[in-house]
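What follows is one structure encoded as structure tokens, with my remarks underneath.
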Amino acid sequence: MAENVWIVGIHMTKFGKHPELDTLDLGAQAARGALADAGLRMRDVGVLAAGNLMNAAAGFGQQLQKQIGQTGIPVFNVANACATGATALRVAIMAVRAGETDTGLAVGVEKLSGAGLLAGGRRVAGGDTWAPQGRFGAVAALDGRIGTETMPGVFAQIGMEYDHKYGGADFELFARISEKNHAHSTLNPLASYQKRFTLEQIMGDVMIAYPNTRPMCSANCDGGAAAVVVSESKLRTLPLEQQRRAVKISASVLTSDPWQEACQVLPDVNTLTRHAAEQAYEQAGVGPDDLDLVELHDCFATAELVHYDNLKLCPPGGAVDLFNSGATWRDGSIPVNVSGGLESKGHPVSATGIANIWEVATHLRGEAGDRQIAGAQVGLAHVIGLGSACAVHILEKAAA
């Protein structure tokens, strides 16, 4: 059986607008921070997995090496939609588990401030003559005909579908989820926005795609995050203080769309996430009731609600009741998005997957300051990338 893999160093930059820094600056800042946190140097690293989506073909990993140390190790450039960072981490984990190295570094970084709301593919102009243009959309543009490819529209539909199926998920409830996350952000100094909004402010703001107003949407921004992972045998060679702060990766799961007897073009984030969660719980040997906190992919307020159900934090159809119980607030029984979530912390796409893991790991280490979840032992980090990919990682506190 493969050795356990541990996080010994992890870092995220301040998310927000960084006009003075480029992608490499942010990536180097995150990588060096993670290495310093681990008490290791670039010469100790045996593999680098670098995630960057907007310039996926630019060889970001090799460029990053020139900033942090060219040691001749293998570099994997990773692009997997919003799951890019978590996928980069999974690449480093797999290399360690395979025995190819005892130390891996994963980095995710993006510059998105000023990008506006991320949309789907550009709509093709209609006409009287239909001409093939590839596989999907070969006959006619998909957007507006079989749903939408724009992210606000996709997740608005997902939220409304949940309400149609189970009831109780009205406009105000989704706004209250956003109210929670913005309240949580006031305790996170690295969040892009640290401002509390009233329910009236959220509901009265600009409508992006009903039922999500602007504060209910993820904030595109600049940022980077990185993690250093090691094998258990390597961990035992590190100083006792580093061993005490190490965080065990009990599960690392990445899924893609399964085949189903339905539309193969539109995304099904529900099935995608449920399959990832089921595998992660089995791999870690824990269940939803064992979790002390969850960082999930709330790209929109509607997404957070459905993922309560998809991650099995409640019985099927019980997401509205779970939220109404107060359980997902910071002082509740299963705190969700204590960081402020993507709606407040921000969403520099390729950094998000590792940043979610940073938040959970920081609580397990007891280093989260004013937002610390007391006695946190087990946490889950989740991220979705439409294309489609879902990553779920379950982390556990090191034994004393």
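The values are calculated or read from the model by the stated rules, or taken from the named source; none is laboratory data. Keep in mind the model is a prediction, meaning the values are calculated, not measured. Quick reminder, even Gly has a Cβ in these numbers, built from the backbone with ideal geometry, and neighbours come from all protein chains shown. Calculation scope for accessible area: heavy atoms of the full protein, side chains included, ligands and nucleic acids excluded. Shrake-Rupley method; radii C 1.70, N 1.55, O 1.52, S 1.80 Å.
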- prompt: Within the stretch 202-214, can one find any residue that is touching a residue at least 40 places away in the same chain (Cβ under 8 Å) and of a type in the set (S, T, N, Q)?
  reply: yes
- prompt: Looking only at the stretch 261-272, which residues are over 27 Å from residue 364 (Cβ atoms) and either open to solvent by less than 20 Å² (accessible area, probe 1.4 Å) or among the polar types (S, T, N, Q) (or both)?
  reply: 264, 270, 271
Considering residues of the stretch 71-95 that are in a helix (DSSP H, G or I) and either in the same structural domain as residue 356 (by TED's automatic domain parsing) or of a type in the set (A, V, I, L, M) (or both) only, the residue most open to solvent (accessible area, probe 1.4 Å): 94
- request: Tell me, please, whether a residue that is surrounded by fewer than 19 Cβ atoms within 10 Å (Cβ to Cβ) and on the phi < 0 side of the Ramachandran plot can be found in the stretch 333-355.
  value: yes
- request: Report yes if residue 352 is closer than 20 Å to residue 216 by Cα, assigned to a loop (DSSP other than H, G, I, E, B) and of a type in the set (Val, Ile, Thr), otherwise no.
  value: no
- prompt: Of the residues that make up the stretch 230-251, is at least one open to solvent by 10 Å² or more (accessible area, probe 1.4 Å), modelled with pLDDT under 95 and among the β-branched types (Val, Ile, Thr)?
  reply: no
message: Every residue in the stretch 273-317 that is closer than 16 Å to residue 161 by Cβ, open to solvent by less than 40 Å² (accessible area, probe 1.4 Å), more than 14 Å from the chain's Cα centre (by Cα) and not β-branched (Val, Ile, Thr), please.
response: 301, 305, 308, 309, 310, 317
task: Return the total of residues in the stretch 173-212 being surrounded by fewer than 19 Cβ atoms within 10 Å (Cβ to Cβ), assigned to a helix (DSSP H, G or I) and not assigned by TED's automatic domain parsing to the domain that holds residue 326.
output: 4
task: Just name the residue that is most open to solvent (accessible area, probe 1.4 Å) out of those in the stretch 356-390 that are in a helix (DSSP H, G or I) and among the small types (Gly, Ala, Ser).
output: 369
